[in-house]
Amino acid sequence: QVQLVESGGGLVQAGASLKLSCEASGRTLSGLAMAWFRQDPGKEREFVGTISGSGLNTYYAVPVKGRSTISRDIAKNTVYLQMNSLKPEDTARYYCSAGRTYSTIASQYDYWGQGTELTVSS
């Protein structure tokens with residue numbers, strides 16, 4: 001079992017930067033694909049980005065590509081999502097997930113955190 005706890009959300013102004021964290025416990029992140037998804041109330045969960053189990057590959061959704069970076073610190077068993085040039089449409093609850101498959105599909109991930117709320121004001 002893997003437990004995931006997200007942090008770092010909050011209220012920021014458009015144009016700001018923010019770094020979300022996802023701390024894992026229960027096993028090492030090494031070898032696990034990690035992903036970030038986001039969801040607004042009433043909408044489907046949306047893929048944001050993913051990092052492969054080796055940590056060598058990342059992939060981002062078009063809306064965040066070029067202004068977001070996923071990284072991980074194996075020693076801290078933590079994955080990060082750095083987001084720059086934030087826009088009001090980035091407002092959502094952000095979820096961290098872990099699984100064996102490097103994928104953009106939510107159902108491919110086995111473990112999920114409770115999420116952290118990000119609100120971007122205009």
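The values are calculated or read from the model by the stated rules, or taken from the named source; none is laboratory data. Fair warning: this is a prediction, and the values are worked out from it, not measured in the lab. Here Cβ is always computed from backbone atoms with ideal geometry, including for glycine, and neighbour counts include all displayed protein chains. Please note that ligands, DNA and RNA were not included when accessible areas were found on the heavy atoms of the full protein model with its side chains. Shrake-Rupley method; radii C 1.70, N 1.55, O 1.52, S 1.80 Å.
How large a share of the accessible area of region 1-108, in percent, is made up of carbon and sulfur atoms when the probe is 1.4 Å and the other protein chains stay in place? All intermediate terms of the calculation are to be shown ahead of the outcome.
Numbers: 2660 of 5440 Å².
Percent of accessible area from carbon and sulfur atoms in region 1-108: 49.
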Would you list which lysines come within 30 Å of K43, measuring only between C-alpha atoms, while excluding same-chain residues fewer than 8 positions from it?
K19, K65, K87
For 79-86, 93-100, 52-59, ranked highest to lowest by mean beta-carbon neighbours within 10 Å, the order is 93-100, 79-86, 52-59
For G115, list long-range residues whose amide hydrogen, built 1.01 Å from N in the peptide plane, is under 5 Å from its own amide hydrogen.
E6, C96
Just to confirm, what accessible area per residue do you get for region 64-113 at 1.4 Å probe, in whole Å²?
48 Å²
Taking amide H positions as placed in the peptide plane 1.01 Å from N, state which residues far from G49 in sequence (5 or more) or on other chains have amide H under 5 Å from it.
W36, A61
Can you compute log10 of I(q)/I(0) for region 32-98 with the Debye formula, treating each Cα as one identical point scatterer, at q = 0.14, 0.19, 0.24 Å⁻¹?
-0.40, -0.72, -1.08
From the phi of every residue in region 43-57, what ³J(HN,Hα) in whole Hz does the Karplus formula 6.51 cos²θ - 1.76 cosθ + 1.60 yield, where θ is phi - 60° and glycine or proline is x?
10, 6, 5, 10, 5, 10, x, 8, 10, 6, x, 7, x, 8, 10
Please give the solvent-accessible surface of F37 in Å², to the nearest 10, using a probe radius of 1.4 Å with every protein chain present.
0 Å²
Can you list residues whose amide H is under 5 Å from R27's amide H, if they're 5+ apart or on another chain and H is modeled 1.01 Å from N?
Q3
